[in-house]
Each structure stands twice: as structure tokens, then as C-alpha cells.
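This report refers to the structure that appears directly beneath it.
The values are calculated or read from the model by the stated rules, or taken from the named source; none is laboratory data. Bear in mind the structure is a predicted one, so any value in this text is a computation, not a measurement. All Cβ positions, glycine included, derive from the backbone under ideal geometry; neighbour counts span all protein chains shown. Only protein heavy atoms, including side chains, enter the accessible area calculation; ligands, DNA and RNA are left aside. Shrake-Rupley method; radii C 1.70, N 1.55, O 1.52, S 1.80 Å.
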Amino acid sequence: MFIETLRSSCILTGGSFITMLPIYTLFSQFLFLAEAGDNNTGLKLIGAGICSFGMIGASLGQGVVGAGACLAIGRNPEIAPKVTSTLIITAGFAESGAIYALVISILIIFVA
């Protein structure tokens with residue numbers, strides 16, 4: 001039942017597993033908290049899962065940037081090299097938010 005619910009929610013959000021990854025992480029940590037006898041470990045993992053929600057914004061931002069680039073190249077194919085270079089730079093900026101969320105999640109898990 002649990003797996004089917006996560007699978008259907010992934011399909012409803014466009015089938016992007018990366019977009020749904022923080023939600024998978026959060027739910028798996030709730031299950032870990034229920035099974036583990038140590039509350040501190042479970043709560044620490046739940047905090048890391050909540051922190052990883054920053055990856056959702058980065059993946060949505062990259063999707064918007066990619067869609068805009070495809071529309072621009074479709075309307076004016078001659079500017080494809082300029083749009084592609086701008087796309088790569090902007091995608092790097094959008095990805096930096098996901099990297100920050102990942103680093104903070106790893107710090108919460110291993111340092112705290």
C-alpha cells in the first residue's frame with residue numbers, strides 16, 4: 001500500500017523520481033523512526049529528509065529553464081549557441097541550491 005501510494009504520487013508529478021526523492025527520503029525515515037529504538041537517530045534522519053526538500057525547487061527551476069530554452073530555440077534556431085550557453089550557466093546556478101541542500105542533509109546525518 002505504501003509503495004503504491006508513492007508510485008502513484010510520482011506518476012502524478014510527471015514521473016520525475018528526482019523531484020519525488022525528498023518525499024521518499026522523508027517517508028523512509030518515518031518508517032526508520034518507527035522501527036528504531038533510538039529516537040535521536042530517527043529524528044536526526046527526519047531532519048535531514050526535511051532539509052532535502054530544497055532539491056524540489058532546484059529540479060523545478062531546471063525544468064523551467066530547460067523549457068524556456070527549448071521554446072527560444074524553437075522560435076529562433078539561429079540563436080541556439082547563445083541560448084545553450086546561457087542554459088548551461090543558469091542550470092548550474094539552479095543546481096547549486098540542490099547541492100547546498102544535499103550538503104546540509106549530509107552534515108545533519110553524520111555530524112549532528
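Structure values in brief
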quantity: Members of region 66-91 that are among the small types (Gly, Ala, Ser), in contact with a helix residue (DSSP H, G or I) (Cβ under 6 Å, 6 or more places away or on another chain) and in contact (Cβ under 8 Å) with a residue 12 or more places away in the chain; calculated: Ala69, Ala91
quantity: Subset tally (residues that are farther than 20 Å from Gly92 by Cβ and among the hydrophobic types (A, V, I, L, M, F, W, C)) for region 43-70; calculated: 7
quantity: Condition check for Ala98: within 30 Å of Asn40 (Cβ to Cβ) and surrounded by 14 or more Cβ atoms within 10 Å (Cβ to Cβ); calculated: yes
quantity: Subset of region 52-87 [at pLDDT below 90, of a type in the set (Val, Ile, Thr) and loosely packed, with under 14 Cβ neighbours inside 10 Å]; calculated: Val64
quantity: Residue selected from region 38-51 under the condition open to solvent by 80 Å² or more (accessible area, probe 1.4 Å) and modelled with pLDDT under 80, by the criterion farthest from Ile109 (Cα to Cα); calculated: Asn39
quantity: Breaking point among (1) modelled with pLDDT under 65; (2) touching a Leu at 6+ places or on another chain (Cβ under 8 Å); (3) surrounded by 11 or more Cβ atoms within 10 Å (Cβ to Cβ), for Pro22; calculated: (2)
